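Read through the structure below, which is laid out as structure tokens, and then see the notes.
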Amino acid sequence: TTYSKADRINIAISSKVDGIILEGDNSEETADLVRKASSKGIPVVTVLSDCVSSPRKSYIGLNNYSLGKEYGTALGHIAQDKKVDSLSVLILTDNDEGNYDDVIRTGIQEYAVGRSIELESSVVDTSTPFTSQEDVMTILDNMERIPDVIICLNERTSESAYQCIVDKNLVGKTTVLGYYDSDTILKAIDKGSVYATFSIQSRYVAEQCVNALNGYIETGFVSEYLSSDYILINKENLTTYIAGGDKNEG
């Protein structure tokens, strides 16, 4: 049986769990359920996405502004590798409301200030793999020239961009900076078709969630916000990353 998020929270509350770790959202329904859990003495920790209007005890978030700066630093390395003074960059975002693409993009834009980096953004429909790939293909077809670098801010656009540059024989003519550590993207890095990708340090984030919950249960106090960074995966550390992770990593 597939349960909704609300169903799962209600099941947890009915089961009288000691604590709940939850990917938050901005819905009033979720906020009400967090209030319900809190009224029953069950502390809630949110992760990846917050539930701002709720009495959650702590939020373990990702430093998306820092990620934007990391994308910018990677652009600098690409320019050095290509031995060029300027870069044209296409940033592919998705159409989901409430995501952090704008924060990431701000970090990239701030890195580009004072540098010869021309930025352009396009929104991709990521509702299905087909629409994502179709949108990326259309965006590239409508550009006057193929950008030097394509930055993808989620897994689906990363895989779609990779597939499109392979289908259009653009490998080596444009460079892809991806997001997430799917098998497809890791294999593309190994082949040299994708320059690098950024991924969540899942194990560390998970530890932060558990520690925050345990800390609150034991002392009644916990930091309201805890931050985690992303990890850069490229050809240099790919083998080490794969050897050190598992199928659930990322």
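Assorted remarks:
- With every protein chain in place, the chain: carbon and sulfur % of accessible area (1.4 Å): 47 percent
- Contact order normalised by residue count of the chain, Cα under 8 Å, 6+ apart, percent: 18 percent
- Within the chain, percent of DSSP bridges classed antiparallel, to nearest 5: 15 percent
- Label separation (D183 vs Q80): 3.4 nm, computed from points 7 Å beyond Cα along the C-beta direction.
- Each residue of the stretch 172-179 was assigned a 3J(HN,Hα) from its phi angle through the Karplus expression (A = 6.51, B = -1.76, C = 1.60, θ = phi - 60°), giving x, 9, 9, 10, 9, 10, x, 9 Hz with x at Gly and Pro.
- Whole-Hz couplings from phi, Karplus 6.51/-1.76/1.60, listed for the stretch 7-22; x for Gly and Pro: 4, 5, 5, 4, 4, 4, 5, 5, 7, 6, 5, 7, x, 10, 9, 9
- Each peptide in 55-68, 117-130 was scored by the mean count of other Cβ atoms within 10 Å over its residues; highest first, the order is 55-68, 117-130.
- A straight line joining the Cα centroids of the stretch 166-224 and the stretch 37-82 runs 12 Å.
- Only helices enter this figure: runs of n ≥ 4 DSSP H residues, each worth -39500 (n - 2.57), summed and divided by the residues of the chain, yield -14000 deg cm²/dmol at 222 nm to the nearest 500.
- Estimated translational D of the chain in µm²/s (Stokes, Kirkwood radius over Cα pairs; 4 °C; 1.567 mPa s): 66 µm²/s
- At R0 = 30 Å, FRET efficiency that the Cβ-Cβ distance of D141 and K235 yields, to 0.05: 0.55
- Check: the stretch 16-77 dipole with +1 on Lys, Arg Cβ and -1 on Asp, Glu Cβ, in debye: 280 debye
- Computed from point charges on the beta carbon alone (+1 for Lys and Arg, -1 for Asp and Glu), the dipole magnitude for the stretch 191-250 about its Cα centre is near 360 Debye.
- Note, ³J(HN,Hα) from phi for the stretch 113-123, Karplus 6.51, -1.76, 1.60, rounded to Hz, x at Gly and Pro: 4, x, 10, 7, 10, 9, 9, 9, 10, 9, 9
- Compared with the dominant Cα axis of the chain, that is its longest principal axis, helix 129-141 is turned about 30°.
- Spin-label model, L48/Y204: points 7 Å from Cα along the beta carbon direction are separated by 1.8 nm.
- Remark: for residue pairs K16/K57; K5/K69; K83/K187; K16/K36; K69/K173, the C-alpha separation exceeds 22 Å in K5/K69; K83/K187; K69/K173.
- Candidates N169, I217, T197 compared by Cα position along the dipole of the stretch 153-241: farthest toward the positive end lies N169, with charges placed on Cβ.
- Annotation: extensible slack from R35 through A112 equals 23.4 nm (criterion: 0.36 nm per residue apart, minus Cα-Cα distance).
- Global geometry of the stretch 128-250, whether rounded, prolate or oblate, following the gyration tensor of its Cα atoms and the 1.5 cut on a/c: prolate
- Other residues lying with their Cβ under 12 Å from the Cβ of A188 contribute a combined charge of -1, Lys and Arg counting +1, Asp and Glu -1.
- Size of the stretch 21-77: Rg and Dmax of its alpha carbons, in Å, are 15.4, 52.
- Size of charge dipole - the stretch 141-197 - debye, nearest 20, with Cβ of Lys, Arg +1 and Asp, Glu -1, no other charges: 140 debye
- Candidates A188, A206, A161, ranked by Gaussian network fluctuation over the chain, Cα under 10 Å, top entry: A206
- Cα gyration tensor shape for the stretch 169-241, rounded if a/c is under 1.5, else prolate or oblate: prolate
- Other-chain or far-sequence residues with amide H under 5 Å of L226's (modelled H): Y59, I60, G61
- Cα convex hull of the stretch 14-142 - mean projected area over all directions, nm²: 10.8 nm²
- The stretch 178-250: GluC sites (Glu not before Pro) falling in loop per DSSP and having at most 15 other Cβ within 10 Å: E224, E236, E249
The values are calculated or read from the model by the stated rules, or taken from the named source; none is laboratory data. None of the values given here were measured: they were computed from a predicted structure. Note: ideal-geometry Cβ built from the backbone for every residue, glycine included; neighbour counts use all protein chains shown. With ligands, DNA and RNA removed, areas are computed over all heavy atoms of the protein, side chains included. Shrake-Rupley method; radii C 1.70, N 1.55, O 1.52, S 1.80 Å.
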